[in-house]
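Read the structure below first, then the notes.
The values are calculated or read from the model by the stated rules, or taken from the named source; none is laboratory data. The model shown is predicted, which means the values in this text are computed figures rather than measured ones. All Cβ positions, even for glycine, are placed from backbone atoms using ideal geometry, and neighbour counts span all protein chains on display.
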Amino acid sequence: MTHSDTGGLARFFTLAETAEVLAISVSQAYALVRSGELPAIKVGGNGHWRVERTVLQGYIDGKYEENRRRTLWQQAEYADVAELFVER
């Protein structure tokens, strides 16, 4: 994949860039990587973490889906509660 294939963006993000995209601190991004919630690789002699752009987008998409499902679940729970108080 070249820069032209990605619209001029690099394939990998540093933790600082990842944190900026997610609007979180670098330490929070590091915690996500260390916990395994956000897949990343270590590169270089010092083991700098890198997150692939497509992996980060998949993580974001997954969070949107998780939130959508949670909202639907909560709506379904409240709908059932209301049915308990309906006079028949």
Thr71: surrounded by 12 or more Cβ atoms within 10 Å (Cβ to Cβ) and either of a type in the set (Lys, Arg) or at pLDDT below 95 (or both), yes or no?
no
Look through region 29-62, keep the residues that are among the aromatic types (Phe, Trp, Tyr) and assigned to a helix (DSSP H, G or I), and return whichever of them is nearest to Glu17 (Cα to Cα).
Tyr30
Output for region 32-63, where each listed residue is more than 25 Å from Gly8 (Cβ to Cβ) and modelled with pLDDT under 95:
Gly45, Asn46, Gly47
